[in-house]
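The values are calculated or read from the model by the stated rules, or taken from the named source; none is laboratory data. None of the values given here were measured: they were computed from a predicted structure. Reconstructed Cβ throughout: ideal geometry from the backbone, glycine too, with neighbour counts over all protein chains shown.
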């Protein structure tokens, strides 16, 4: 029977457990609200993972992990467009730029990160394709799922807590009027500074996440830290982007009639 | 017939249903169901799963509706719908349960983001000996001194009336200042 369904009925944790226990080989395709992930397994172990809309090439993974400089990355993009990841890996190893372990470790980390992101997806459809092995031109790994499941469950708990703390990404951020700490003396990480640099009354948290290339979990984590430190607070948008209620607040547009209505309410409540 | 509405929100078991019940002229339309979470079940047996709905007739032409938001966070998809077109909102906080203060703050921010209308915060259950002081609650809830944080006993009609009046005064004040 085809393994397919809805993430509401079957969680990522359950899916990975099943794949591990059944030693499955194939590709799990998860269609989330805005992204599609393809995660390949061989004999119940993680082999490859990719978010459809994101670059998962070896060159990009190594560049993101700071194993390749931007000059090297651009050079590969320009000159080595026709070679596969496997060929590129061999070239890098033979050229003495990187070891095999470097390449595999970074790929494992990248695939693990993608898989862990899936734990925050609660909406979407999935299907498991038995006949779809990892892409042949890409380097696959063999990563046990146990630790991924444990780590993913931790992420999920953190995600749930962060969602409680920051329920909407459609809010803006502003610096607190009287922060307990002087911003100049605060030690912020590079990622935190990037977020801070985008804090403006008309930027939503989601827009900041987009500008800083962070996913929902990453931006919530950083914003939560800034909120807890008392450096920023959430605020509504100030430039009129705030969703305007479609239902009218007052039956009349006339200001005097509106005031009269409020006064009638006051009189009535007093008389209760 | 003209209708206007206010929303009563706040964490689970803050006293929203009782608040509306105290002033509504109709038996409130409440959709309470048994609680699924064990931790919440230890606090009370049922909670509002859709919304409470109370009514105060002002005169022949005007009716005020009071909407209570669902008590459990998994129904928060209702919030945006409920916030549409509200005159203002009341955030109920259980003064005896500090573990809910953070959530109350979060609900307040979410509602204010949905609709930048005036609001007041009602520190409910102030008649109970475990109730936190208003000044301590203001501090923990990160409420600016301009935001009204008012002592409340949701079972007492006069107390509920006072909260509603404070919200109406805030609405009137904003209108007179030309910010609305």
Given the conditions (1) at pLDDT 90 or above; (2) over 15 Å from the mean Cα position of the chain (by Cα); (3) facing chain A (nearest Cβ under 10 Å), report the number of the one that residue B:128 does not fulfil.
(3)
Unique residue being away from chain B (no Cβ under 12 Å) and either farther than 19 Å from residue B:64 by Cα or at pLDDT below 80 (or both) when the list is A:247, A:214
A:214
What's the number of the only condition in (1) more than 25 Å from the chain's Cα centre (by Cα); (2) at pLDDT 80 or above; (3) assigned to a helix (DSSP H, G or I) that residue A:184 fails to meet?
(2)
Among the residues listed as A:127, A:110, the single one being surrounded by 19 or more Cβ atoms within 10 Å (Cβ to Cβ), modelled with pLDDT of 90 or more and away from chain B (no Cβ under 14 Å)
A:110
Check residue B:35 against each of (1) at pLDDT below 60; (2) out of contact with any helix residue (DSSP H, G or I) (no Cβ under 7 Å at 6 or more places or on another chain) and name the one condition it does not meet.
(2)
Kindly list the number of the only condition in (1) within 12 Å of chain A (Cβ to nearest Cβ); (2) under 12 Å from residue B:7 (Cα atoms); (3) in contact with a helix residue (DSSP H, G or I) (Cβ under 8 Å, 6 or more places away or on another chain); (4) without any contact (Cβ under 8 Å) to a residue 24 or more places away in the chain that fails for residue B:70.
(1)
How many residues does the stretch B:89-121 hold that are farther than 25 Å from residue A:232 by Cα and crowded, with 22+ Cβ neighbours inside 10 Å?
2
So how many residues does the stretch A:119-159 have that are outside any loop (DSSP other than H, G, I, E, B), touching a residue at least 24 places away in the same chain (Cβ under 8 Å) and over 23 Å from residue A:9 (Cβ atoms)?
4
Might you check whether a residue that is within 15 Å of the chain's Cα centre (by Cα) and within 23 Å of residue A:218 (Cβ to Cβ) occurs anywhere in the stretch A:139-150?
no
Scanning for something farther than 21 Å from residue A:251 by Cβ, at pLDDT 90 or above and more than 11 Å from chain A (Cβ to nearest Cβ), does the stretch B:162-179 turn up at least one residue?
no
Only one of (1) surrounded by fewer than 18 Cβ atoms within 10 Å (Cβ to Cβ); (2) closer than 22 Å to residue A:270 by Cβ is not met by residue B:149, so which one is it?
(1)
Do we have residue A:137 as more than 29 Å from residue A:154 (Cα to Cα) and surrounded by fewer than 21 Cβ atoms within 10 Å (Cβ to Cβ) here?
yes
